[in-house]
Amino acid sequence: MSVAKVTSAADVDAAIKAAAGGVVVLNFWAPWSAPCTQLNAIFEKLAASHTTLTFASVEAEEVEDVAEKYGVTSVPTFVFVSAATSSTVARVDGANAPELTKTVKKFAADANAATATAAAPPTS
């Protein structure tokens, strides 16, 4: 799955709606930040390999209202939003690739388990 580019609060709302009860991972970044550049590549790879989640990229200084809404004060920051409740369920602050990967894998595993349970035939 590709990473959606967020340019407005409406884009975030659309990503959350499209996630249909899943989790949206928001990557708040800035082009002048070397750690962001490094993490953006990892974020793209995670998006490609964890298609049960929705990934969106937010240039924090260009979409300040969205950054403010999610309490972003530094970049990179990754915010995990439940599409069911529109609330933050996890966040990773800073250039912590292992923690980002671990958190993405946790929510992807949860989504895969939910999908498998929903698809399982009823037992008698």
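Extension gain for residue 10 to residue 37 (0.36 nm times residue separation, less C-alpha to C-alpha distance): 7.2 nm. Extension gain, residue 18-residue 106: 0.36 nm per intervening residue step, less the Cα-Cα distance, totals 29.6 nm. Comparing Cα centroids, the range 75-111 and the range 42-67 end up 10 angstrom apart. Within straight-line reach of residue 69, meaning a Cα separation under 16 Å, sit the following aspartates and glutamates at least 8 residues removed in sequence or on another chain: 11, 13, 59, 61, 93. For the chain, the residue among 16, 32, 51 whose Cα projects farthest onto the positive side of the dipole built from Cβ charges is 51. Note on the chain: with charges restricted to the Cβ of Lys and Arg (+1) and Asp and Glu (-1), its dipole about the Cα centre is near 560 debye. Note on exposure: 64, 44, 59, 99 ranked by accessible area (1.4 Å probe, complete protein assembly) read 64, 44, 99, 59, with the most exposed listed first. The eigenvalues of the Cα gyration tensor, multiplied by 5 and square-rooted, give the chain an equivalent ellipsoid with semi-axes of 26, 16, 11 Å from largest to smallest.
Overall, the anisotropy analysis places the range 1-50 in the oblate class: the square-rooted eigenvalues a ≥ b ≥ c of its C-alpha gyration tensor yield a/c not less than 1.5, with a/b not exceeding b/c.
Taking a ≥ b ≥ c as the square roots of the eigenvalues of the Cα gyration tensor of the range 20-89, is the shape rounded (a/c under 1.5), prolate (a/b larger than b/c) or oblate? Verdict is oblate for the range 20-89.
The values are calculated or read from the model by the stated rules, or taken from the named source; none is laboratory data. Everything numeric here is computed off the predicted structure, so don't read it as measured data. Cβ coordinates were reconstructed from backbone atoms using ideal geometry, including for glycine residues, and neighbour counts include every protein chain displayed. Side chains are part of the model used for accessible areas, which takes the heavy atoms of the whole protein and leaves out ligands, DNA and RNA. Shrake-Rupley method; radii C 1.70, N 1.55, O 1.52, S 1.80 Å.
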